[in-house]
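What follows is a set of notes on a single structure, which appears directly below.
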Amino acid sequence: MKKACYLLFFLCSTTASFGQNTGQTKQVKTQSNGVVVHESAGNEGVYVASEPKVVVRTIQDWTLPECIDALNVIQEKLIMLEGSEEYETAKVAILEQQALIEARKQSLLSK
């Protein structure tokens, strides 16, 4: 047990000492409370903003489970819209999408 404690103490103390910056920096000032302020060691680097990559996925990129889920959502949406004023206008667009998804599903099943 003592060996394990000594080993743990040794590992913690060496990790703490290696984690500190050992490079020489110039002292900038000493504050009134005794804190010594040093200049930057230059490890920060320059921030380079990058554009987020936008991945565009079409129906042709979907997997079989995604197609099945989408077809279930379409059926639920048609049931929800049934009897409303916008049913006839939305029905055409929804059925077109349903046909595309069905075609993708069939191509996945045939592979």
- Query: Sorted by accessible area with a 1.4 angstrom probe, largest first, how do Ser50, Ser84, Ser32 fall?
  - Reply: Ser32, Ser50, Ser84
- Query: Ignoring ligands and nucleic acids, what accessible area does Arg104 show with a 1.4 Å probe (Å², nearest 10)?
  - Reply: 30
- Message: If I take R0 = 30 Å and measure r between the Cβ atoms of Leu95 and Val56 in this structure, what FRET efficiency does the formula 1/(1 + (r/R0)^6) give, to the nearest 0.05?
- Response: 0.80
- Note on the structure: Output for the stretch 19-111: chymotrypsin sites (Phe, Trp or Tyr not before Pro) sitting in coil per DSSP, at most 12 other Cβ within 10 Å, listed by number, reads Tyr47
- Surface accessible to a 1.4 Å probe, Val73 within the full protein complex, Å²: 80
- Note on the structure: Between His38 and residues 5 or more places away or on another chain, the pairs with built amide H atoms under 5 Å apart involve Val28
- Note on the structure: Taking the convex hull of the alpha-carbon atoms of the stretch 22-108 and averaging its shadow over every direction gives an area in square nanometres of 14.2
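The values are calculated or read from the model by the stated rules, or taken from the named source; none is laboratory data. Fair warning: this is a prediction, and the values are worked out from it, not measured in the lab. Virtual Cβ from ideal backbone geometry, glycine too; neighbours counted across all protein chains shown. Surface areas here come from the heavy atoms of the whole protein model, side chains and all, with no ligands, DNA or RNA. Shrake-Rupley method; radii C 1.70, N 1.55, O 1.52, S 1.80 Å.
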